[in-house]
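*Asks:* For reference, the structure I am asking about is given below.
The values are calculated or read from the model by the stated rules, or taken from the named source; none is laboratory data. None of these values were measured; they are calculated from a predicted model. As a convention, Cβ positions derive from the backbone with ideal geometry for all residues, glycine included, and neighbour counts pool all protein chains shown.
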Amino acid sequence: MKILVTVKRVSDPEAKLKIKPDGSWIQTEGVKFVVNPFDEIAVEEALRIKEKHTGEVVVVSVGDKVVTEQIRAALAMGADRGIFVNYTGAYDSFDIATILQKIVEQEKPDIIILGKQAVDDDMGAAGYMLAELLGYPQAAFASKVEISDDKKKAKVTREIDGGLEVKEVELPCVITADLRLNTPRYASLPNIMKAKQKPIKEFTVDALGVTVKPHLIVKKLTEPPKRKGGVKVESVQELVNKLKNEAKVI
Amino acid sequence: MGNIVIICEQKNGELVKQSLSAVKAGIDTAKATSSKSFLLLIGNGLDKAKESASHLGADGVLVVEDAALASYTAEAYAIAAAEVIKSQQANLVLATTSAFSKDLLPRLAAKLRAGMVSDILSIKTDAGKISGFTRAMWAGSVVADVEVNADIIVATVRGTAFPHAVKVDTSSQIIPVSVKIDPGTLKSKSLEIIEHKSSRPQLTDASIVVSGGRGLKGPEGFKTIEQLADLLGAAIGASRAAVDAGWVPNDLQVGQTGKIVAPNLYIAVGISGAIQHLAGMKDSKTIVAINKDPDAPIFQVADYGLVADFAKAVPELIEEIKKVK
C-alpha cells in the first residue's frame, strides 16, 4: 500500500509567542519549530499501516526550504521518501488542498493521512478540502484505523461529540489523525543518520500547475485580553463563602 | 448581499442546542447587511428539529429530508448542503463549531470553491457588507483579524463567542428542498455510533463545569469530582492528560483541540493549566483552581485558587456546599 502523509512546520506548541510590533505575524526569531503534533501522529499511523500491510510511506510538506527539516524528521521516524513543494508566499487551506491534489494525482496513494488540524493556525480544513477535490471519502478525527484484508476499505473509529463513530470508507481515502490514534515513536540515532540519505523530491507550485491565490488573508494579529489571576484562598470554607457571596455562582 | 444559510446540527431528529450560536450570528449578520437568513436542516425524520428551527426568527427553514441522509456522513451532507446553498444564492454559510461542522464545512467549502474560515469569534460589518472576521490562532494566544475574499464564505462559529438565538412567537416558513443523493456513489457509510452516555449536562451547554486532570491520578479521582459535579448539576470536563490516559471518554476534553467552554463557573481540579487547556476555558466567568502545586499556571487565570490535595479538598468542598445550598 502506498500512504501519503503530510507534515506542517509549526512553532513549538510549548513556545511563548510574541506578536511582531506591526501585528503582521508572530516573531519567529529564536522560536523552535517542530512537526505539527497531529501530523506526527499521522506519520506514525502511516508507518504502522505499512508495517502491517507492507508498502511505502511518502511524506509531503509545503513551504520555505526550512520545511525539509520536518520532512527529514518524518523520514527519521521511518517514512521512505519525501516531497518538498517549494512555496514561500501566503496561502490558505484551500491552496494547500489544491497543491496536495496535484501530488496525489502524481503519486496515486491508497491512503492519505493528515493531522486533524495544525496547532498554529487551528484551521482544520485542508484534509477535508483535499478529500472533496479528489472525490475521495474522508474519515475525520481518527482514533483507530483498520484496513480490510482485501485492502479496499478502511474502518475508522472517529472521535465525535458525545462519543465515537465507526465509519467505513472505500480506498483511496483521506484520514485525519486525532490525539488518541497512537503515540508517535522517537527517531533512533541510526534512523536519523539513515534519513539523511533518503530522497526528497522538490517541486515548485508552478511546476505542479497550481496558482496560489488565498481567499483568507490575515490582516493583523493582536493579543487577546489577558485574564487577571485572582486570589488564593486559605481554606475550603473561604472558597465556598466567596463563590456564594462574592461571585454568586453557587 | 446574498442570503445567509445557517446549517443547523440535528441529533436523532432534534435540533442540537449548540447550533443556536450560529443561528444568532447569522440572523444578526443578515440584519446588519439587509439580507435574508435561512436555517438549513439535513437528515431524515426531522419533525422535531423543524418545529424548533421554525421559531428562531429566521426568514425560512430549508429542509432536506431523504432516507439516504438518515445517518450523517460528510460526503452525503456536503452534496445536499451545496445544492441548497447554490439554489439559495447564499454568500455566507455558517455553522457552530463542533465535530459535525469541522468535518462537514471544509468539504462543503471545497465543493463550493468558497473561502473558508474556522471558529470565528466575531463577524465585522461595514456599510451593510461583511468586512471581516476575528478568530483565535496559536491556541488562543493570538487573535487574528482576517478577511475572506470569495463569492461564498463558509465559516464555523465558536459557540462561546455568540449568544444563543432565543425562541420567538412568529414562525418561519418551512421550505422542503429535494436533493438527489445516490448512496451508491458515496464510498462511505456510518457503521455505528458508540454513545458516551451520561445523565449530566452537555459540556458545551452546562453553566457549571467541573474538570479534572493528571492530578486526579486515575479514574477513581474522577469519581470524587463527579460527586461534586452532581451536587452542582455540573458537566464533567477533563484535560488532555486525563483523556489520553483513558480515565474519561474523549469527548470530555477541554482545550485547543477539544471542546471550548465558557460556563459561569469552571472548577479545575488537578489541572496544571497548559496553554492548550486554557485555550478551552479561559473565557469562563468564574474560574476556580484546586491544585497542590502552588506554582501551577492554572492559578494565573483562576479567580479563586486553593492550594490543596484534591483528595482532601473536594470532599470538604462537597460538605461545605451542602451546608450553604
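Results for (1) closer than 24 Å to A:VAL169 by Cα; (2) part of a strand (DSSP E or B), shown as yes or no for each residue.
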position	(1), (2)
A:ALA76	no, no
A:GLY82	no, yes
A:PHE94	yes, no
A:LEU100	yes, no
A:GLN117	yes, no
A:ASP120	no, no
A:MET129	yes, no
A:LEU133	yes, no
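*Asks:* Right, another one. When residues of the range A:162-193 are filtered for being surrounded by fewer than 24 Cβ atoms within 10 Å (Cβ to Cβ), assigned to a strand (DSSP E or B) and of a type in the set (Gly, Ala, Ser), how many remain?
*Replies:* Counting residues in the range A:162-193 that are surrounded by fewer than 24 Cβ atoms within 10 Å (Cβ to Cβ), assigned to a strand (DSSP E or B) and of a type in the set (Gly, Ala, Ser) gives 1.
*Asks:* In the set B:VAL63, B:VAL117, B:VAL23, B:VAL84, which member is touching a residue at least 60 places away in the same chain (Cβ under 8 Å) and in a strand (DSSP E or B)? Write out each step before concluding.
*Replies:* Details: B:VAL117 fails: touching a residue at least 60 places away in the same chain (Cβ under 8 Å); B:VAL23 fails: in a strand (DSSP E or B); B:VAL84 fails: in a strand (DSSP E or B).
Every option except B:VAL63 fails the conditions.
*Asks:* Would you say B:VAL93 is outside any helix (DSSP H, G or I), more than 10 Å from every other protein chain (Cβ to nearest Cβ) and surrounded by 24 or more Cβ atoms within 10 Å (Cβ to Cβ)? Let's see the steps before the verdict.
*Replies:* Values: outside any helix (DSSP H, G or I): yes; more than 10 Å from every other protein chain (Cβ to nearest Cβ): yes; surrounded by 24 or more Cβ atoms within 10 Å (Cβ to Cβ): yes.
Yes; evaluated as a whole, the condition is true for this residue.
*Asks:* May I pose another question? Looking at B:LYS36, B:LYS11, which one is without any contact (Cβ under 8 Å) to a residue 60 or more places away in the chain, closer than 18 Å to A:ASP161 by Cα and not polar (S, T, N, Q)?
*Replies:* Working: B:LYS36 fails: closer than 18 Å to A:ASP161 by Cα.
Testing whether each residue is without any contact (Cβ under 8 Å) to a residue 60 or more places away in the chain, closer than 18 Å to A:ASP161 by Cα and not polar (S, T, N, Q) leaves just B:LYS11.
*Asks:* Report, by residue number, each residue of the range A:26-51 that is in a loop (DSSP other than H, G, I, E, B) and on the phi < 0 side of the Ramachandran plot. Give the steps one after another, and end with the answer.
*Replies:* Residues of the range A:26-51 that are in a loop (DSSP other than H, G, I, E, B), as a first pass: A:27-32, A:36.
Within the range A:26-51, A:GLN27, A:THR28, A:GLU29, A:VAL31, A:LYS32, A:ASN36 meet the criteria.
*Asks:* Another one. Could you list all residues from the range A:213-229 that are modelled with pLDDT under 95 and either more than 7 Å from chain B (Cβ to nearest Cβ) or under 9 Å from A:TRP25 (Cα atoms) (or both)?
*Replies:* Residues satisfying the conditions are A:PRO225, A:LYS226, A:LYS228.
*Asks:* Then there is this: Pairs please, first residue from the range B:264-287 and in the same structural domain as B:LEU232 (by TED's automatic domain parsing) and free of Cβ contacts under 8 Å to residues at least 24 places away in the same chain, second anywhere and of a type outside the set (A, V, I, L, M) and surrounded by fewer than 21 Cβ atoms within 10 Å (Cβ to Cβ), Cβ atoms under 6 Å, 6+ apart in sequence or on different chains.
*Replies:* B:LYS285/B:ASN264
*Asks:* In the range B:199-218, which residue that is among the hydrophobic types (A, V, I, L, M, F, W, C) and out of contact with any helix residue (DSSP H, G or I) (no Cβ under 7 Å at 6 or more places or on another chain) is surrounded by the fewest Cβ atoms within 10 Å (Cβ to Cβ)? Spell out the reasoning first.
*Replies:* Within the range B:199-218, the subset among the hydrophobic types (A, V, I, L, M, F, W, C) is B:203, B:206, B:208-210, B:216.
Of the ones still in play, those that are also out of contact with any helix residue (DSSP H, G or I) (no Cβ under 7 Å at 6 or more places or on another chain) are B:206, B:209.
Working: B:ALA206: 22, B:VAL209: 28.
That would be B:ALA206.
*Asks:* Looking only at the range B:134-182, count how many residues are without any contact (Cβ under 8 Å) to a residue 40 or more places away in the chain and within 14 Å of another protein chain (Cβ to nearest Cβ).
*Replies:* The number of residues fulfilling the criteria is 13.
*Asks:* Out of B:GLY246, B:GLY221, B:GLY270, B:GLY233, I need the residue that is more than 30 Å from B:ALA78 (Cα to Cα) and surrounded by 23 or more Cβ atoms within 10 Å (Cβ to Cβ). Which one? Lay out the reasoning, then the answer.
*Replies:* Details: B:GLY246 fails: surrounded by 23 or more Cβ atoms within 10 Å (Cβ to Cβ); B:GLY221 fails: surrounded by 23 or more Cβ atoms within 10 Å (Cβ to Cβ); B:GLY233 fails: surrounded by 23 or more Cβ atoms within 10 Å (Cβ to Cβ).
Of B:GLY246, B:GLY221, B:GLY270, B:GLY233, the one residue that is more than 30 Å from B:ALA78 (Cα to Cα) and surrounded by 23 or more Cβ atoms within 10 Å (Cβ to Cβ) is B:GLY270.
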